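Asker: Following this message is one structure expressed as structure tokens.
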Amino acid sequence: MLASTEHRSSQAKMSIAYRHPSVVQSTQQSLLAALADLDVEYEGDLETVRQSSADDWLKLTVIRTLQERYQEQQTSYVRQLARLRGQLRRSPRGSITGSEQ
């Protein structure tokens, strides 16, 4: 599950330089969907680890790693959304013409 989340994360790290509000809205929806997918996969991974027969110390180690990765990926999506929304606020009439990243 982690590999698919990492792949989407790399796809979502695209330049946020749009010219049409519908593209901005579509990108925002994609980022929100990716964030929701990340949450579902993270919870599923946690449940898998918790139910495994591995030693408790190993479970804790894996859970810490999952938490770190989740927080990094979540932060990336949230930053992209904030940057996108910031561009929307700064653009005249909601039209984005800059190439900020």
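Asker: Looking only at residues that are among the hydrophobic types (A, V, I, L, M, F, W, C) and surrounded by 11 or more Cβ atoms within 10 Å (Cβ to Cβ) in segment 42-77, which one is nearest to the chain's Cα centre (by Cα)?
Answerer: Within segment 42-77, the match that is nearest to the chain's Cα centre (by Cα) is Leu66.
Asker: Which one is modelled with the lowest pLDDT, of the residues in segment 20-41 that are small (Gly, Ala, Ser) and either within 21 Å of Leu66 (Cβ to Cβ) or surrounded by 12 or more Cβ atoms within 10 Å (Cβ to Cβ) (or both)?
Answerer: Ser26
Asker: Determine which single condition Ala17 fails, assuming it passes every other condition in (1) at pLDDT below 95; (2) part of a helix (DSSP H, G or I); (3) among the small types (Gly, Ala, Ser).
Answerer: Unmet condition: (2).
The values are calculated or read from the model by the stated rules, or taken from the named source; none is laboratory data. Here the structure is a predicted model, which means the values were calculated and not measured. Positions of Cβ are backbone-derived with ideal geometry, glycine not excepted, and every protein chain shown enters the neighbour counts.
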